[in-house]
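J.: Below is one structure. I have some questions about it.
What follows draws every value from the coordinates through simple rules; no lab data is involved. Worth saying up front: this structure is predicted, and the values here are computed from it rather than measured. Methodologically, a virtual Cβ is constructed for each residue, glycine included, from the backbone with ideal geometry; neighbour enumeration extends over all protein chains shown.
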Amino acid sequence: MNILDENIIEGQVELLKRWRIGVHQIGADLSRKGIQDDEIIPLLLTLRRPTFFTRDLGFHNRKLCHQRYCIVAMAIDRYEVATFVRRFLRHPQLDTQAKRMGSIIRISSRGLQIWRLRTQEELFLHWPPNR
């Protein structure tokens, strides 16, 4: 289940849906508008294997690692969200829920910084070449 934070603009949500990428947005499809950051983690724990996408870089925190969800903090322009969500979901090392669970990931145009459950080192992955 792909969950978008309410800080993702409507045009980007619509673009993802046009690309047939299943997404649910907080405040529109889940929970309520104005949900506080400290309420996000309890919400994620009620869902089945969610991947949560946000532009709030405060979520790129190793302490938030949990086996039941994945958090993706995006250090990108608000008009690039849909493109990077699609690239992320197609990344060969992250293209299934099973590969993503237990990870806190920061994505940027340079690549992906990943904290995984029970690891001491942050991993860096480059984006694969465009196909």
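J.: For segment 2-125, with the dipole built from +1 on Lys and Arg beta-carbon atoms and -1 on Asp and Glu ones, taken about the Cα centre, which of Gln120, Ala73, Leu45 lies farthest toward the positive end?
T.: Gln120
J.: Calculate one ³J(HN,Hα) per residue across segment 16-27 by plugging θ = phi - 60° into the Karplus curve 6.51 cos²θ - 1.76 cosθ + 1.60, and present them in order as whole Hz with x for glycine and proline.
T.: 4, 5, 5, 7, 6, 9, x, 9, 10, 10, 5, x
J.: Scan segment 29-131 for chymotrypsin sites (Phe, Trp or Tyr not before Pro) in coil per DSSP, keeping those whose Cβ has at most 13 other Cβ atoms within 10 Å, and list them by number. Walk me through the numbers before you get to the answer.
T.: Numbers: sites: Phe52, Phe53, Phe59, Tyr69, Tyr79, Phe84, Phe88, Trp115, Phe124; in loops: Tyr69, Tyr79.
Sparse-neighbourhood loop chymotrypsin sites (Phe, Trp or Tyr not before Pro): Tyr79.
J.: Pop out the ³J(HN,Hα) list for segment 84-89 in order, Karplus 6.51 cos²θ - 1.76 cosθ + 1.60 with θ = phi - 60°, rounded to Hz; leave Gly and Pro as x.
T.: Per residue, the Karplus-derived 3J(HN,Hα) values read 6, 4, 5, 4, 4, 5 Hz.
J.: Still on this structure: What FRET efficiency comes out for Thr119 versus Arg20 if R0 is 30 angstrom and r is the Cβ-Cβ distance? Round to the nearest 0.05. Kindly include the intermediate steps, with their values, before the conclusion.
T.: Values: r = 33 Å, r/R0 = 1.11.
Approximately 0.35, to the nearest 0.05.
J.: What number, rounded to the nearest 500 deg cm²/dmol, is the helix-based mean residue ellipticity at 222 nm of the chain, given -39500 (n - 2.57) per DSSP H run of at least four residues and division by all its residues?
T.: Values: 4 runs with 32 residues, N = 131.
My calculation for the chain gives -6500 deg cm²/dmol from helical runs alone.
J.: Further question on the same structure: What length, rounded to one decimal in nm, is gained on full extension from Thr83 through to Thr96, with 0.36 nm per residue of separation minus their alpha-carbon distance? Let's see the in-between values first.
T.: Values: separation 13, 0.36 × 13 = 4.68 nm, distance 1.77 nm.
Length difference between fully extended and current span is 2.9 nm.
J.: Given Cα pairs under 8 Å that are at least 6 residues apart, what percent is the relative contact order of the chain? Could you put the intermediate results ahead of the total?
T.: Working: 224 pairs, mean separation 28.1, N = 131.
Relative contact order here is 21 percent.
J.: Also, I was wondering about something else. Write down the Å³ per residue value for the convex hull defined by the alpha carbon atoms of segment 49-127.
T.: Details: hull volume 6.2 nm³, N = 79.
Cα convex hull per residue, to the nearest whole number: 79 Å³.
J.: Further question: Provide the per-residue ³J(HN,Hα) series for segment 69-74, in order, calculated from phi with Karplus coefficients 6.51, -1.76, 1.60 and θ = phi - 60°, each as a whole number of Hz, with x at glycine and proline positions.
T.: Working through the residues one at a time gives 7, 10, 10, 10, 9, 9 Hz.
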